[in-house]
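Take a look at the structure set out below.
The values are calculated or read from the model by the stated rules, or taken from the named source; none is laboratory data. Everything numeric here is computed off the predicted structure, so don't read it as measured data. Don't worry about glycine lacking a Cβ; one is built from the backbone with ideal geometry, like all the others, and counts go over all protein chains shown. The area values use the complete protein model at the heavy-atom level, side chains included, leaving out ligands, DNA and RNA. Shrake-Rupley method; radii C 1.70, N 1.55, O 1.52, S 1.80 Å.
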Amino acid sequence: DGLKVRTRIWMKGQVNEDWAATAMIENTHDFRDNDAEETTSFQRAYVDGKIGGLKVTGGRQNFTDFLGGLVYDDRMDGVKVSYGKDVKVTAGYGKGADAYKVATNSNAKEMAYVEAATKLGMVDAKASYYRFNDVFEAKGVDYEIYAIGAGLPVAKDLKVTGTYLINESNIADADDGFVAGFTYKAAKASVP
């Protein structure tokens, strides 16, 4: 494919006491292909802040589902609202961004999701719902996925996790799924 160099510049500014604006400009250049065009575009441009007890983010932002990107991990043009501490509920609505087109052969014209997370004793419990409309517009394909998951510490630094996904998509042979994993310790940016 050639030697491509990607440069990203992040900008963040405080609008007022409750709101901040963030933007990221990305430039891509292919050094091996003289005919390739250099591209520069806004890959992120959003504001985040508070309205009452709600945390709100609006604009072109990154959205990674609570499964670590198994369902969706890309840009979303839309709004996200979060509420709660002991039981945290997050909901979002918008449009899938360009890179989603690579994976699905079309942009999702509309996407919506709700995620809830809490701690039940030692167990981290999560549940979610995701809907992507017109993923394959010509075929009228919609993705609709429910997920429920849990994480349980089994030793000092070891946690076992599991998630069950129910696929209600309107495509033939849409199977349900299960994801299991282990996590050991965690990297902290502040610790060398």
Tell me whether segment 1-88 comes out rounded, prolate or oblate; compute the Cα gyration tensor, take square roots of the eigenvalues as a ≥ b ≥ c, and use a/c under 1.5 as the rounded threshold. oblate
Run the reach check for K88 against aspartates and glutamates, Cα to Cα strictly under 16 Å, same-chain hits fewer than 8 apart removed. What comes back? D65, E115, D124
Segment 21-103: which GluC sites (Glu not before Pro) are DSSP loop and have at most 12 other beta-carbon atoms within 10 angstrom? E37, E38
Can you tell me how much longer the chain between A189 and E37 gets when fully stretched, taken as 0.36 nm per residue apart minus their C-alpha distance, in nm with one decimal? 51.1 nm
For the chain, what's the relative contact order in percent, using C-alpha pairs closer than 8 Å and at least 6 residues apart? 10 percent
Can you give me the accessible area per residue for segment 109-192, using a 1.4 Å probe, in Å²? 65 Å²
Helix-only estimate, please: 222 nm mean residue ellipticity of the chain, summing -39500 (n - 2.57) across DSSP H runs of length 4 or more and dividing by its residues, to the nearest 500. -1000 deg cm²/dmol
In whole Hz, what ³J(HN,Hα) sequence does segment 147-159 give by Karplus (6.51, -1.76, 1.60; θ = phi - 60°), x for Gly and Pro? 9, 9, x, 8, x, 9, x, 10, 7, 3, 10, 10, 10
Take the residue pairs K80/K185; K50/K119; K119/K156; K80/K126 and return only those whose Cα atoms are more than 20 Å apart. K80/K185; K50/K119
Need one value: the accessible area of I171 in square angstrom, 1.4 angstrom probe, rounded to the nearest 10. 70 Å²
Below 8 Å between Cα atoms, with a sequence gap of 6+, how large is the relative contact order for segment 1-91 in percent? 19 percent
Give the longest segment of the chain that steers clear of trypsin sites (Lys or Arg not before Pro) in DSSP loops with at most 11 neighbouring Cβ atoms within 10 Å, not counting the sites themselves. 86-155
Protein-only accessible surface order, largest first, of F66, F42 at 1.4 Å: F42, F66
Taking all protein chains as present, what is the carbon and sulfur share of the accessible area of the chain, in % to the nearest whole number, probe 1.4 Å? 55 percent
